[in-house]
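What follows is a single structure, written as structure tokens, with notes after it.
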Amino acid sequence: MHLSRIRAVKSRKLAGKKIVLGITGSIAAVEAVKLARELVRRGAEVHAVMSEAACKIIHPYAMEFATDNRVITEITGRIEHVELLGVDGEADLLLIAPTTANTIAKIAAGIDDTPVTTMATTALGSGKPVMIAPAMHESMINNPAIAAAMKKLEESGVEFIEPRYEENKAKFAEIEKICLQVERKLYRLTMKGKKVVVTAGPTMEFIDPIRYITNRSSGLMGYELALEFWRRGANVTLITSKPPEFNLPDFNVVRVVSVRDMLKASLDEVGNADVFVSSAAAADFAPEKRDSKIKTAKKLTLELSCAPKILREVRKVFDGKVIAFKAETGVSDEELEKIALEKMKTDRADMMVANDVLEKGMGTDDTRVLLITPERELWVEGLKKDVAEKIVALFVEDCL
């Protein structure tokens with residue numbers, strides 16, 4: 001019961017989900033403890049299953065500690081594979097991480113001579129979701145036989161989590177990436193088949209080749225909104241000056257610098273989009289960039305020109321759904337509501353998100369925002385990842 005202190009402390013995205021974590025004989029098995037704990041922090045109940053080769057790399061006690069459940073190292077008279085992953089099995093997902101070339105080949109051939117491959121055979125036969133995170137030398141994953149086995153498994157519905165390719169190795173994927181893909185696999189896919197374009201973060205307007213003006217935006221709210229739409233099955237394009245550190249399937253990142261870069265990327269991407277989320281803190285003013293470094297002086301006067309309004313320009317060519325944002329400073333709740341309603345009308349937004357950034361919101365992990373749809377108005381407060389979930393849920397319910 002020692003996991004009660006950390007269960008769901010990061011999020012409740014996996015609350016109520018039971019995950020079987022298969023561990024095979026890759027040296028990356030040393031990361032399995034961290035992976036299990038991170039899944040628990042998102043609310044999951046984790047049951048570890050280890051092959052004999054995996055037990056030579058990490059001890060089952062480590063996984064028992066990490067999961068607070070008995071570790072399965074052999075199939076017994078309890079028929080654990082059926083109990084967890086049979087047709088009426090208790091588990092929601094089989095995640096094999098890390099997975100060796102040997103295990104991939106065996107699963108593809110229907111061989112179940114380890115507890116992990118037996119779990120896979122059972123899960124595939126009962127229609128349970130299966131995810132595989134390979135970890136091996138690059139020459140092994142490029143072996144035609146292994147490539148063919150992976151293709152065969154993908155055609156059977158198995159989802160592979162792309163490894164990191166470094167130092168001639170297909171290394172274990174980032175734990176955050178694995179957890180996000182697990183969340184999407186087990187999420188309610190209310191946006192499946194939709195394309196969502198999200199702008200996020202500040203822009204940088206250059207004064208000269210080495211200096212620029214910007215703002216305090218972290219881009220966190222836009223990133224969390226993009227992830228929330230992605231979890232729900234959408235194909236997401238994130239346009240930002242602060243890209244994430246890893247790649248996700250169906251999650252395209254367009255890196256930009258200036259407000260004009262962001263406008264061009266937005267216009268390029270909305271052509272076949274269903275939803276445009278204008279959450280970036282793009283510059284309102286921009287200087288004329290000098291070709292060379294400005295010499296140091298006691299005083300410098302900059303002339304700033306109005307920057308293009310991204311949403312206004314996008315609305316000239318885009319008739320889909322729009323979530324717009326409005327940031328103000330030092331206004332009352334009543335004043336903010338009035339300003340937001342007016343902007344909602346001007347921008348032809350389907351949903352408006354407004355806040356006072358002097359209170360909280362810009363560059364912070366938490367925020368307090370006013371949400372307005374044609375159906376309702378409400379205030380939401382909390383961590384940005386939790387607020388993003390509420391924004392998307394309300395948008396799906398009221399605007400689609």
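The values are calculated or read from the model by the stated rules, or taken from the named source; none is laboratory data. Every value quoted in this text rests on a predicted model; they were computed, and no experiment measured them. Cβ coordinates were reconstructed from backbone atoms using ideal geometry, including for glycine residues, and neighbour counts include every protein chain displayed.
Every listed requirement among (1) in contact (Cβ under 8 Å) with a residue 60 or more places away in the chain; (2) farther than 28 Å from ARG368 by Cα is met by ASP261 save one, (1). Filtered by the rule that a residue be in contact (Cβ under 8 Å) with a residue 12 or more places away in the chain and surrounded by fewer than 20 Cβ atoms within 10 Å (Cβ to Cβ), the stretch 337-346 gives GLU337, ILE339, LEU341, LYS343.
Looking only at the stretch 1-29, filter to residues that are part of a helix (DSSP H, G or I) and under 24 Å from the mean Cα position of the chain (by Cα); which one of those is farthest from PHE65 (Cα to Cα)? Within the stretch 1-29, the match that is farthest from PHE65 (Cα to Cα) is ALA28. Screening ALA48 with (1) in a helix (DSSP H, G or I); (2) aliphatic (A, V, I, L, M); (3) without any contact (Cβ under 8 Å) to a residue 40 or more places away in the chain gives one miss only, at (1). The strands (runs of 3 or more DSSP E) found wholly in the stretch 348-395 and carrying at least 1 residues that are buried (at least 22 other Cβ atoms within 10 Å of the Cβ) and in contact with a helix residue (DSSP H, G or I) (Cβ under 9 Å, 6 or more places away or on another chain) occupy 351-356, 366-372.
Within the stretch 81-93, residues that are without any contact (Cβ under 8 Å) to a residue 40 or more places away in the chain reach partners that are surrounded by 17 or more Cβ atoms within 10 Å (Cβ to Cβ) and part of a loop (DSSP other than H, G, I, E, B) with beta carbons closer than 8 Å, at six or more positions or on different chains, in the pairs GLU83/GLY89; GLY89/LYS128.
When the residues of the stretch 90-110 are filtered to those that are assigned to a loop (DSSP other than H, G, I, E, B), touching a strand residue (DSSP E or B) at 6+ places or on another chain (Cβ under 8 Å) and not charged (D, E, K, R), the one that is farthest from ALA135 (Cα to Cα) is ALA91.
Looking at THR67, is it surrounded by 17 or more Cβ atoms within 10 Å (Cβ to Cβ), of a type in the set (S, T, N, Q), closer than 30 Å to LYS390 by Cα and touching a strand residue (DSSP E or B) at 6+ places or on another chain (Cβ under 6 Å)? When the stated conditions are applied, THR67 passes them.
Need pairs with beta-carbon distance below 6 Å; first residue within 18 Å of ALA28 (Cβ to Cβ) and at pLDDT 95 or above and within the stretch 174-201, second surrounded by fewer than 18 Cβ atoms within 10 Å (Cβ to Cβ) and not basic (Lys, Arg); sequence gap 6+ or separate chains. Qualifying pairs under 6 Å: GLU174/PHE246; LYS177/PHE246. When ALA170 is tested against (1) crowded, with 19+ Cβ neighbours inside 10 Å; (2) within 20 Å of ALA226 (Cβ to Cβ); (3) of a type in the set (Gly, Ala, Ser), just one condition goes unmet, and that condition is (2).
Regarding the stretch 130-145, can at least one residue be identified that is within 30 Å of VAL87 (Cβ to Cβ), in a helix (DSSP H, G or I), within 26 Å of the chain's Cα centre (by Cα) and modelled with pLDDT of 95 or more? No, the stretch 130-145 has no match at all. Would you call LEU14 surrounded by 24 or more Cβ atoms within 10 Å (Cβ to Cβ) and more than 20 Å from PHE172 (Cα to Cα)? In short, yes.
On the stretch given as the stretch 201-220, residues that are over 25 Å from ARG37 (Cα atoms) and either in a loop (DSSP other than H, G, I, E, B) or within 14 Å of the chain's Cα centre (by Cα) (or both) total 11.
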